[in-house]
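Have a look at the structure below, then the notes.
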Amino acid sequence: MAGKVLPQFRNRSDSVSRLEGFSDTAFGFAITLLVVSLAVPAHFSELLQQLQGLPVFAVTFALVSVIWYAQFVFFRRYAMSDPVTVVLTLLLLFVVLFYVYPLKFLFSVVFSVGAAPLQARDAPLLFLIYGLGFAGVNLCLALLYLNAYWKRDELKLNHWERFVTRVSIADNLVTMAIGLLPAGLARLVPPDPALAGYLCFPVPTPAAVAGRFPRRPPPPPGTAPPR
C-alpha cells in the first residue's frame with residue numbers, strides 16, 4: 001500500500017555491553033591509524049604537507065565509519081553476547097584492523113598523496129587485498145545476522161524483524177560479492193591504479209541504496225497475501 005509506514009525494528013538494548021565497548025575501542029584505534037601523523041607539525045610547510053592527506057583520511061574514515069555503524073545497528077537490534085557473536089565480533093575487528101593500512105595505502109595511490117607510484121604489475125594484488133578485506137568484513141556481518149536469525153525464537157523476533165534479519169543477511173552477502181569486483185576487474189583488464197581505485201568507492205553502497213526502498217515482507221503465517 002502506497003504511503004504505508006513500515007514497522008520499526010525493536011531495539012533490545014540501548015546500553016553499551018562490554019563486547020560493544022571493546023569493539024568501539026578497536027574502531028577508535030583503527031581510525032587513529034588512519035591519521036596522517038600524530039605529531040604536531042613544527043613548520044607551516046609540514047602542516048600543508050599533512051593537509052594534503054585530508055582526502056585520503058576522509059574517504060578511509062568514512063569507510064571505517066560505515067562498518068562501525070553496521071555493527072552498532074546490529075548490537076542495538078539484538079543485544080547478543082553469546083560465544084558465536086563474540087567470536088564473529090573479534091574476527092570482524094581483526095579484519096578491520098588488518099584492513100586499515102591497505103585501505104589507506106590504496107587511496108593514497110588514488111589521490112597521489114604520500115605513497116610511491118604503484119607499479120602496474122602490483123595493482124591486481126593490491127586490489128585483491130582490498131577486495132578480500134572488504135569481503136571479509138561483510139561476511140562477518142552476514143554471519144552475525146545469520147546467527148541472530150538462528151536464535152529468532154530466543155530473541156522473540158516478530159514477523160517483520162525476521163524479515164529484516166533475512167534481508168540484512170542478503171544485503172551483506174551482496175556487498176561482499178561486489179567487494180571483490182575491483183580485484184576481478186584488475187585481473188581482467190590492463191590495470192590502471194588510479195582508475196581501478198575509484199571502483200572501490202561504490203563498494204559500501206549497495207546495502208545503503210537498497211535500504212532506501214521499502215520492502216514488503218511476506219504475510220505472516222495463516223494470513224492471506226495482500227492484494
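The values are calculated or read from the model by the stated rules, or taken from the named source; none is laboratory data. Quick caveat, the model's predicted, so the values are computed rather than measured. All Cβ positions, even for glycine, are placed from backbone atoms using ideal geometry, and neighbour counts span all protein chains on display.
Things worth noting here:
- Of all residues in segment 39-51, those that are of a type in the set (A, V, I, L, M, F, W, C) have Cβ atoms under 6 Å from Cβ atoms of residues that are modelled with pLDDT under 70, 6 or more apart or on another chain, in L47/P41.
- Residue check for R212: at pLDDT below 60 and more than 13 Å from the chain's Cα centre (by Cα): yes
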